[in-house]
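The block underneath contains the structure these notes are about, expressed in structure tokens.
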Amino acid sequence: MLSTMQDEQLSLATLLNYASTFQGDSTVSTWTGDGLRTLTYRELGAEAARLANALRGLGIGVGDRVGTFMWNNNEHMVAYVAVPAMGAVLHALNIRFFPEQLVYVANHAEDQVVIVDGTLLPLFAQYLPNLKTVRHVIVANGDAAALTAPAGVQVHSYTELLAAQPDSFDYPIIDERSAAGMCYTSGTTGDPKGVVYSHRSNWLHASQVCAPNGMGFSAADMVLAIVPLFHANAWGLPYAALMSGANILMPDRFLQPQPLLEMMAVVKPTFAAAVPTIWGGVLAGLQAAPQDISHLRTCLVGGSALPPAMMHVFEEKFGVKLLHAWGMTETSPLGSVAHAPAGVDGEEQWAYRYTQGRFPAGVRARLVDDAGNVVPNDGNSLGEVQVRGAWITGSYYSPDGAEIEPDKFDDGWLRTGDVGKISPNGFLTLVDRSKDVIKSGGEWISSVDLENAMIGHPAVAEAAVIGIPDPKWAERPLVAVVLAEGQKAEPEELREFLANKFAKWQLPEYWTFVTEVPKTSVGKYDKKRLRAQHADGELTVTELG
Ligand code: AMP
């Protein structure tokens, strides 16, 4: 028996239409360094229509890929919604990819047009001659004449191109399963892999982001989107903001702690989202020059493990709640969010809030051990986390249909590569990435647990732990420490600090002090590079007896 419900397609065009009319007074703003450029969602709707008309004029149709090479700003937000609404596919290029990765993904996705920020033109100009399918470049916030294009590529000014366009567009009705956007994984091994989101997956995901046990967006929010729009589908922020009428604040290229704190002082956002390394920098800025940030009701932190010590300082010293969440490019990315269960408060809440969070109804999860057996969600058994759901990818994008890394999927489940445990009430605790966990004498040491504990030491600004080869134990942990400004510490006292938190055999004997931990294109510790630095003898290592 079929339902009597209307067969309405979930589409980003419908979302755009909704936001630009019924939530038309809400805004997207971009920080300019000393002020704001603001569009209401009503104006955003008109500008999106102009962009859609312009792209159609350049020959872009349903299914064609439109790249962006941009900071988080108004124009990027316009592209984020105009491109899928017209049926084309948004491909936000990671501006921090290594040159060969950037060229690889733009060619692999077959981007036809790329919208580029003026300040990024010198960088983009280096890649352009190698981008095989790009026919048009649209320069936003800058001088189009500054770009010399190879033969066959036309360069346009965003402002001039859009000025000539009507501010309405007849958006096509397309199948909700059609491609809306794509993102490539930013992993440090192998070629980046493409994930293609659909209108339906983005819509359902945005509903979960807006839900109270997601990020709880409402039209009363001002959301500071620090996470780049090119990282993991922008964590769902743009579509969730349009859906809820939440206002969105874009930091553009001003991503250092100082300007972030300045824009916070002026705009007083209620919500912000970024990876832990950004919050570490903001915290150092706040410690040096305290400022009231209690306007932030919540800061979402994910992408890598959020150290409990950081949660405590933000909450106890600055009155701001850091909300821990887990996800991946492959999961749109919202996978789990660490709200304490109803009725649990005071000291008891922390045990839940330290975890990677509870799975929502839209994400099914299981644990699978090395032998391929599903292990129970009893809060103790460890396994690889596998997930499935309407906003979880079922494969990697392949232009020619050849399967890419099919071993990342297990009977319809996505293998996350994360090792952890799940409690009976659905809270995920990650132990490590399977490739980062340190295998010492047949036992496991969690690099994340060591890092989380180490960051609690007042002299430590950053700590990254890798396994290094050991003739007796196979691997042992090496801790790379960045000391906080003006602080001193010796390996002995740092190890002593860990002594009551870990078993004796887990305590690291290898230590190195570095000025900076290498980071990936999305701001996570780049352990592959750290391992290479160690292998190449670039690190001065102290061995404790
Ligand atoms: P990405 O696709 O760049 O977002 O990377 C996804 C990976 O980041 C996950 O598979 C995890 O290994 C890691 N990750 C994301 N969120 C967390 C978290 N809250 N705690 C620990 N690791 C995380």
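The values are calculated or read from the model by the stated rules, or taken from the named source; none is laboratory data. The shown structure was predicted, so the numbers you read here are calculated from the model rather than taken from an experiment. Cβ: placed from backbone, ideal geometry, glycine included. Neighbour counts: every protein chain shown. What goes into the accessible areas is simple: the full protein's heavy atoms, side chains included, and nothing from ligands, DNA or RNA. Shrake-Rupley method; radii C 1.70, N 1.55, O 1.52, S 1.80 Å.
At 1.4 Å probe size, with every protein chain present, just tell me what the per residue accessible area of the stretch 436-543 comes to in Å².
Details: 5360 Å² over 108 residues.
With the other protein chains kept in place, the stretch 436-543 gives 50 Å² per residue.
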Distance in nm between label sites at residue 191 and residue 175, each 7 Å beyond Cα in the beta-carbon direction?
2.6
For the stretch 436-543, alpha-carbon Rg and Dmax in angstrom:
13.0, 39
Hey, any idea what % of the stretch 9-198's accessible area is carbon plus sulfur with a 1.4 Å probe?
51
Over the chain, what is the mean sequence separation of C-alpha contacts under 8 Å (at least six apart), divided by residue count, expressed as relative contact order in percent?
10
With +1 on each Lys and Arg Cβ and -1 on each Asp and Glu Cβ, how big is the dipole of the stretch 9-198 about its Cα centre, in debye rounded to the nearest 20?
280
Under the definition of Cα pairs under 8 Å and six or more residues apart, what whole-number percent is the relative contact order of the stretch 9-198?
23
When the chain is fully extended, how far beyond the present Cα-Cα distance does residue 56 get from residue 443, taking 0.36 nm per residue of separation?
133.5 nm
Percent carbon-and-sulfur accessible area, the stretch 324-446, ignoring ligands, DNA and RNA, probe 1.4 Å:
47
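Quick check on my link table: of 488/524; 193/421; 132/528; 472/501; 132/193, which ones sit more than 21 Å apart, alpha carbon to alpha carbon?
488/524; 193/421; 132/528; 472/501
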Using a Förster radius of 51 Å, what is the FRET efficiency between residue 5 and residue 348 based on their Cβ-Cβ separation? Nearest 0.05, please.
0.75
Using a 1.4 Å probe on the protein heavy atoms only, what accessible surface does residue 444 show? Give it in Å² to the nearest 10.
90
Taking H as built 1.01 Å from N, whose amide H comes closer than 5 Å to the amide H of residue 460, not counting residues under 5 places away?
484
Using only alpha-carbon positions, what ratio does the radius of gyration of the stretch 9-198 give when scaled by 2.2 N^0.38 Å?
0.99
Additional length obtainable on full extension of the chain from residue 492 to residue 515, 0.36 nm per residue less Cα span
6.4 nm
If the chain between residue 535 and residue 459 were fully stretched, how many nm would it gain, using 0.36 nm times the residue separation less the Cα-Cα distance?
24.7 nm
Divide by every residue of the chain the summed helix terms, -39500 (n - 2.57) for each DSSP H run of at least 4, and state the resulting mean residue ellipticity at 222 nm, rounded to the nearest 500 deg cm²/dmol.
-8000 deg cm²/dmol
Compute the distance in nm between two label points, each set 7 Å from the Cα along the Cα-to-Cβ direction, one at residue 38 and one at residue 470.
5.7
Just going by the charge dipole of the chain, with Lys and Arg at +1 and Asp and Glu at -1 on Cβ, which of 225, 508, 40 is farthest out on the positive end?
40
Throw me the Rg/Rh for the chain, computed over C-alpha atoms with Kirkwood Rh, two decimals.
0.96
Under a point-charge model restricted to the Cβ atoms of Lys and Arg (+1) and Asp and Glu (-1), what is the dipole moment magnitude of the chain relative to its Cα centre, in debye to the nearest 20?
280
At 7 Å along Cα-to-Cβ for each site, give me the label-to-label distance between residue 398 and residue 371 in nm.
3.1
Classify the stretch 142-200 from the C-alpha gyration tensor, please: rounded if a/c falls under 1.5, else prolate or oblate depending on whether a/b exceeds b/c.
oblate
Could you grab the relative contact order for the stretch 436-543? Cα pairs under 8 Å, six or more apart, rounded to a whole percent.
24
Can you give me the Cα centroid spacing of the stretch 289-341 and the stretch 3-79 in angstrom?
28
Output the peptides 497-504, 354-361 sorted from most to least packed, where packing is the average of other Cβ atoms within 10 Å over each peptide's residues.
354-361, 497-504
Note to self: with every protein chain in place and a 1.4 Å probe, the stretch 9-198 gives an accessible area per residue in Å² of 37
Kirkwood Rh, the stretch 202-251, all Cα pairs: how many Å?
10.5
Taking every DSSP bridge whose two residues both lie in the chain, the antiparallel percent to the nearest 5 is 55
Which value, in debye to the nearest 20, gives the size of the charge dipole of the stretch 436-543 about its Cα centre, when Lys and Arg are +1 and Asp and Glu are -1 at the Cβ?
320
Using Cα atoms only, what is the angle between the long axis of helix 99-109 and the major principal axis of the chain, expressed in degrees (0 to 90) to the nearest 10?
50
Alpha-carbon radius of gyration plus Dmax, which is the widest Cα pair, for the stretch 160-257 in Å:
15.9, 45
